[in-house]
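This report refers to the structure that appears directly beneath it.
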Amino acid sequence: MSKQINRNHETILTIDLKALKNNLKYFKSNLKPSTKILAMVKAFGYGINHTIISKEIENQVDYLGVAFIYEALELRNAEIKTPILIMNPGKYSLEDLINYELEPSIFNVEQLNQIINNLNKLNKTEFPIHIKLDTGMQRLGFYEDEIVDLIKTLKNTKTIKVKGIFSHLAAADDFTQDDFTQEQLNKFNKISAQIENEIGYNTTKHILNTHGIERFSIEQNDMVRLGLGMYGVSNDNKIENVVTLKTKITQIKTVKFKSSVGYGRSEYVEESTLLGVIPIGYADGISRSLSNGVGHVLLHNQLVPIVGRVSMDMTIINLSKIPHTKIGDTVEIFGKNRTIQSFADELNTIPYEVLTSISHRILRKYI
Ligand SMILES: *Cc1c(COP(=O)(O)O)cnc(C)c1O
């Protein structure tokens with residue numbers, strides 16, 4: 001018999017599910033009561049665990065959103081029955097998609113025909129799909145000049161039903177790009193109306209993500225797709241922090257002046273210096289590009305720099321500003337007291353990448 005493994009460890013990712021639900025409630029309170037909410041739980045639920053989040057919020061949302069079919073199957077395996085939109089259904093598991101009633105995003109004619117063929121084989125009719133329009137992202141979706149052909153195909157089949165029409169904004173967070181965003185919104189309203197007009201029935205139209213909801217609320221249409229804001233990243237001070245990454249000091253030492261620190265001897269201390277070691281490294285998602293003072297961590301309410309290179313399982317930090325530090329003292333990488341945004345800024349990236357880069361080996365604790 002194998003022994004239960006105790007994964008307790010100084011480094012823990014804490015997820016405040018109450019805060020997540022409060023954030024969802026807050027977004028909801030700023031929308032029209034009739035507007036549906038799709039909660040994005042792609043990429044392991046932004047690094048948190050899509051199954052646990054979905055269980056927690058399934059009764060408060062109308063839809064869940066994932067990138068790939070297997071992510072949705074994991075949710076169905078956990079008995080989650082909420083409608084799920086698949087952004088990238090691909091072609092390998094269409095039978096699963098159909099059998100588990102997952103709703104695919106359809107973004108080109110080949111893909112549309114593929115799903116129609118599969119549905120015909122299984123004798124299905126009126127299967128729900130969401131048409132994706134490319135209004136300016138230049139990624140996935142139908143362009144305006146492809147709509148006439150699309151409508152022809154749609155009108156010629158009973159196999160599918162257009163449950164939704166949607167598009168994605170490229171720069172909803174950037175006020176210098178608002179003219180472009182408004183163009184995307186106008187294009188979306190125009191083309192979605194044209195499709196509804198031709199097919200002769202109403203669909204669920206949706207275009208806003210978190211930044212869109214926060215800045216272009218008037219365009220909420222029938223549904224919004226909420227991700228980052230629910231996970232606690234926003235400039236709105238009503239949004240509560242959800243994710244906290246903490247660790248503890250496991251070694252303290254004073255190194256002599258002119259010593260090199262860590263791998264490659266990439267950094268030297270200029271004077272006798274107090275250093276601490278924390279058991280978290282690049283294998284945990286603390287990028288090596290934070291080495292040599294680029295990155296900081298929060299200790300006793302002060303930001304202290306990383307010294308030398310981040311290694312696989314450990315990082316060395318400078319304690320000279322906080323000489324009373326003891327082994328076992330808590331270090332916050334990001335969370336309530338040090339925003340994910342500020343950590344992302346040091347890494348020259350965005351909170352999305354920070355959250356989804358937290359390695360799966362880090363123990364997640366849900367409160
Ligand atoms: C990830 C994603 C969202 C959610 O975006 P947030 O900025 O996290 O709110 C919405 N729509 C699509 C198509 C996405 O891929």
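Neighbours of ASN202, meaning other residues whose beta-carbon lies under 11 angstrom from its beta-carbon, give a summed charge of 0 when Lys and Arg score +1 and Asp and Glu score -1. DSSP assigns beta bridges within the chain; of those with both partners inside it, close to 50 percent run antiparallel. The residues THR153, THR203, sorted by heavy-atom accessible surface at 1.4 Å with ligands and nucleic acids left out, run THR153, THR203 from largest to smallest. Under 13 Å of direct C-alpha separation, and excluding same-chain neighbours fewer than eight residues apart, LYS336 reaches these aspartates and glutamates: ASP16, GLU240.
Restriction of the GluC sites (Glu not before Pro) in the range 204-303 to DSSP coil positions whose beta-carbon has at most 15 other beta-carbons within 10 angstrom yields GLU270, GLU271.
Working from label points 7 Å from Cα in the Cα-to-Cβ sense, the GLU346 to THR153 distance is 4.8 nm.
Annotation for the range 69-151: GluC sites (Glu not before Pro) lying in DSSP loop with at most 14 further Cβ atoms inside 10 Å of their Cβ are GLU79, GLU101, GLU126.
What is the distance in Å between the Cα centres of the range 309-367 and the range 210-250? First find each Cα centre; the distance between them is then 20 Å. From its DSSP helices (H runs of at least four residues, each -39,500 (n - 2.57)), the chain gives a residue-normalised ellipticity at 222 nm of -8000 deg cm²/dmol. Structure note, pairs LYS32/LYS55; LYS256/LYS365; LYS28/LYS163; LYS55/LYS132: Cα-Cα distances above 30 angstrom occur for LYS256/LYS365. Once you've got the GNM for the chain with C-alpha springs shorter than 10 Å, pick whichever of LEU150, LEU102, LEU17 has the biggest mean-square fluctuation. Judging by the Gaussian network model, the answer is LEU150. A DSSP coil position with no more than 11 other Cβ atoms inside 10 Å describes the following trypsin sites (Lys or Arg not before Pro) in the range 186-289: LYS238, LYS256, LYS258.
The values are calculated or read from the model by the stated rules, or taken from the named source; none is laboratory data. If you're wondering where the values come from, they're calculated on a predicted model, not measured in any experiment. Positions of Cβ are backbone-derived with ideal geometry, glycine not excepted, and every protein chain shown enters the neighbour counts. With ligands, DNA and RNA removed, areas are computed over all heavy atoms of the protein, side chains included. Shrake-Rupley method; radii C 1.70, N 1.55, O 1.52, S 1.80 Å.
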